[in-house]
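Please treat every number below as a calculation from the coordinates, not as lab data. Please read these numbers as outputs of a predicted model, since none were measured by experiment. Quick reminder, even Gly has a Cβ in these numbers, built from the backbone with ideal geometry, and neighbours come from all protein chains shown.
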Amino acid sequence: MKGQVVAIGILVGIFAGVRSQTAINTCDRIRQHSYPRETHNVTTSDGYILTLFRIPNSGPNRKATQNPAMSFPVLIMHCLSCTSDIFVVTGPNDGLAFLLANAGFDVWLGNSRGNNYAQKHISLSPYSVDFWSFSLDEIAKIDIPTKVDYILQATNRSKVHYIGYSQGAAVLMMLLSTNLAYGEKIKSTHLLAPPIFMCHIRTPLVYFLAQFLGEPGPAAELFGTFPSQGATAFLRTLGHLLCKNQQNQLFCKEVSNFFSGWGSTYLNMTILPEILLSTPADGSNRQFNQFLQFEKNL
């Protein structure tokens, strides 16, 4: 019994230590590099409270520009299982948010409902099944319009530039195919790795899961009812602890390839431990289900 108590104490200590490290958020990362920053909370029509981080186009790091296109704000949306952290974690020399700010843009970093920066609701608890009863449809039809409208009102502008990475690209396409009015609010669109067609995906895990969960049925329905919080928190903790050790670099690289696909020459092993502080982020398993359906049926 004593041994069990000691083991539990060690585990609690480990998780507590990692939790203190993961307390750094997007705003903290921006502040570390002496950029101006703002945090905005936006409430959707169905009660989800989403966090937007902003790097205003002012301050010592900003370039002066007369380009009219730069007078419009930029909204950047992340991929599946990620947060706004991915656009600042690489720092001012490589981070997309910093590069845009340096060029003179007013940068807004969005977060989709359910991720680590969007787990508040006006009435639902994130520990309830109802909180996680959403999919890409709600992110596309509710979250994105809410963010766009908020940014336009806050900046007194008529349009935004939109940059979407993977899921961030897919949800914009879903929105524009169902609500043409928002096409008038987008100044320009830039889609990075858009998962519109997924027939050439090179991720073995996705291909394997798609065979079981890529069609509507009991298995997909059951999988979609469970929140991913516990699993993602465990993976973040384990991944960070393992990959910050230089001796585990090759192992971490192969695991990353297994989840994200082999062949990329852009996997930065130096910052991987930092990335794993917030990735994989929380989300609804219904989001995963939809991507598996894309892979299975397209």
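Assorted remarks:
- Fewest-first ordering of ASP282, ASP130 by other beta carbons within 10 Å of each residue's beta carbon gives ASP130, ASP282.
- Simple spin-label estimate for THR39 and ASN93 gives 2.9 nm between the two label positions (7 Å along the Cα-to-Cβ direction from each Cα).
- Alpha-carbon centroids, the range 266-280 and the range 138-190: separation in whole Å: 28
- Rg over Rh for the range 21-297 works out to 0.95, both radii taken from alpha-carbon positions and Rh defined as the Kirkwood radius.
- Among HIS240, HIS40, the order by Cβ neighbours within 10 angstrom, fewest to most, reads HIS40, HIS240.
- Gain in span if fully extended, PHE251 to ASP137, counting 0.36 nm per residue against the direct Cα distance: 37.4 nm
- Mean separation of Cα pairs under 8 Å and 6 or more residues apart, divided by the residue count, gives the range 21-297 a relative contact order of 21 percent.
- Radius 9 Å from Cβ of ARG54, net charge of other residues (Lys, Arg +1; Asp, Glu -1): -1
- Cα-based reach from LYS185 at 14 Å (exclusive), listing aspartates and glutamates while leaving out same-chain residues under 8 positions away: ASP149
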